[in-house]
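Shown next, in structure tokens, is the structure this report addresses.
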Amino acid sequence: MINNFRKLVLLTLLVFISCKENDATNEKYTKAYVALQGSDKIAIIDVDHGELINEVEVDFINTGDRPHYVVIDEIHRTWYVTLISSGYICKFDLDTDQLLDSVFVGNQPALMDIDRERQILYVSRFMPMPSMGMDGTNSQLIHQIDAQSMIILNTEDVGASSPHGIALSNDGSTLWVASNEASHFFKIPTSTFGPTNYQSQNFQLGYDVPANYEINDNIYNALEIVLNNDNSQLFVSCSGKGEVRVFDTLNGDSLKYYSTGMMPWHMAISKDDRYLYTTNRMSNNVVKTDLSSGDTKTFTIENLIMPHGIAITADDTKLLVSSSMGDAVYIVDAQSMMLLHSIFFAD
């Protein structure tokens, strides 16, 4: 164990089999990229063997850049990371992990999604998130970025504070955004994205919240939104309510909800849309929910403190879990919810 715990804030999985062979085994392997927020590095992991491959520096300012979230474009062989303290989005080569370019967007960029076909990034600016005791400049903005040139194309003001959760439809036509402070989520056609007269549709997370999305009620405190694989349903982790809510993407109607644990954070859905996996920040566990029966299985371990990020491999066999207060990433069997590997990070 190391004395200086690293904050592992948001784990994102590279969901394809790398064409590069492991030098030691001459075998192909699945890679995962993990943001080590407290040490300004991105860890690259061999998921199949449970080994650390490399660490990539993203240290640009003396006070800490705090890498937060990674998205990967396997088509154009690039990956991108948000730096929430220095305000940059950085672009790296997927094969060499060398820095290619960056763009400054301003205070505290958070989550991203990517239209790989059109090479467009969408980035939420979520801070300060006062529900989490964080200070910072208030934001209502979502950025649209040309992923090839790393130039900001447009900026959308959703009208609600602290937009955080973000999800793009498979065809790139619709962007979904959830506010962390106002208990609302938004449906934005990407064709109207930016400074237009079009007002995007907004929906309440529950009937017990104000109809006005400009009111910061801090009741549901949405963290992440995830679309199921056919894009018919939108899943919203509601940290203020201890549940994940599900909505119809055609009309925004509430369909059902699942109680997951205290302060659900990030989510993953199996490729067959059968299972939902949720990290529960204050329950110190990960819950697997059968979306048909509602039955659950739980993973927990002594060093899993305030679990944060989660991702599932392309074959639905393994989960990767990170924690906000820990020095390890855990690889878990997605069926049995039993631990397979622990990867510890040392100075």
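The values are calculated or read from the model by the stated rules, or taken from the named source; none is laboratory data. Predicted model only: the values in this text are computed from it and were never measured. Heads up, the Cβs are rebuilt from the backbone with ideal geometry, glycines too, and the neighbour counts pull from every protein chain shown.
Let's see how each residue does on (1) buried (at least 17 other Cβ atoms within 10 Å of the Cβ); (2) over 16 Å from the mean Cα position of the chain (by Cα); (3) modelled with pLDDT of 95 or more:
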| residue | (1), (2), (3) |
| --- | --- |
| Asn212 | no, yes, yes |
| Phe247 | yes, yes, yes |
| Tyr258 | yes, yes, yes |
| Leu276 | yes, no, yes |
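Conditions (1) in contact with a helix residue (DSSP H, G or I) (Cβ under 8 Å, 6 or more places away or on another chain); (2) among the β-branched types (Val, Ile, Thr); (3) touching a residue at least 60 places away in the same chain (Cβ under 8 Å), marked per residue:
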| residue | (1), (2), (3) |
| --- | --- |
| Val70 | no, yes, yes |
| Glu74 | no, no, yes |
| Thr78 | no, yes, yes |
| Thr82 | no, yes, no |
| Ser85 | no, no, no |
| Asp95 | no, no, yes |
| Leu100 | no, no, no |
| Phe104 | no, no, no |
| Asn107 | no, no, no |
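With the structure loaded, tell me whether Ser259 is among the polar types (S, T, N, Q), touching a strand residue (DSSP E or B) at 6+ places or on another chain (Cβ under 6 Å) and within 18 Å of Ser183 (Cα to Cα) or whether it fails that test. In short, yes.
Residue by residue, here is whether (1) outside any strand (DSSP E or B); (2) touching a Pro at 6+ places or on another chain (Cβ under 6 Å); (3) closer than 25 Å to Asp333 by Cβ holds:
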{"site": "Leu234", "(1), (2), (3)": "no, no, no"}
{"site": "Lys241", "(1), (2), (3)": "yes, no, no"}
{"site": "Gly261", "(1), (2), (3)": "yes, no, yes"}
{"site": "Thr278", "(1), (2), (3)": "no, yes, yes"}
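When residues in segment 111-129 are screened for being farther than 16 Å from Ala147 by Cα and either assigned to a strand (DSSP E or B) or touching a residue at least 40 places away in the same chain (Cβ under 8 Å) (or both), 4 of them pass. Scanning segment 214-235 for residues that are surrounded by fewer than 20 Cβ atoms within 10 Å (Cβ to Cβ) and at positive phi turns up Asn218, Asn231.
Do we find a residue being without any contact (Cβ under 8 Å) to a residue 24 or more places away in the chain, farther than 23 Å from Asn221 by Cα and in a strand (DSSP E or B) anywhere in segment 313-335? Yes, segment 313-335 has at least one match.
For first residues located in segment 236-248 and on the phi > 0 side of the Ramachandran plot, partners that are surrounded by fewer than 18 Cβ atoms within 10 Å (Cβ to Cβ) and lie 6+ apart or on another chain with Cβ distances below 6 Å form the pairs Gly242/Met262.
Taken over segment 144-172, residues that are of a type outside the set (A, V, I, L, M, F, W, C), in a loop (DSSP other than H, G, I, E, B) and under 26 Å from Leu94 (Cβ atoms) amount to 6. Residues in segment 290-312 that are surrounded by 21 or more Cβ atoms within 10 Å (Cβ to Cβ) and free of Cβ contacts under 8 Å to residues at least 60 places away in the same chain: Phe299, Leu304, Pro307. Report yes if Asp59 is among the charged types (D, E, K, R), modelled with pLDDT under 90 and buried (at least 22 other Cβ atoms within 10 Å of the Cβ), otherwise no. Here the answer is no, as Asp59 does not meet what is asked. Run down Lys31, Lys20 and say which single residue is modelled with pLDDT under 95, in a strand (DSSP E or B) and more than 21 Å from the chain's Cα centre (by Cα). One residue alone meets the criteria, Lys20. At pLDDT 95 or above and among the acidic types (Asp, Glu): is that true of Glu181 in this structure? The answer is no for Glu181. If only residues of segment 62-78 that are under 17 Å from the mean Cα position of the chain (by Cα) and either closer than 22 Å to His341 by Cβ or basic (Lys, Arg) (or both) are counted, the one that is surrounded by the most Cβ atoms within 10 Å (Cβ to Cβ) is Val70. Checking each residue in segment 39-69 for being assigned to a loop (DSSP other than H, G, I, E, B), touching a strand residue (DSSP E or B) at 6+ places or on another chain (Cβ under 8 Å) and not charged (D, E, K, R) picks out Val47, His49, Gly50, Val58, Phe60.
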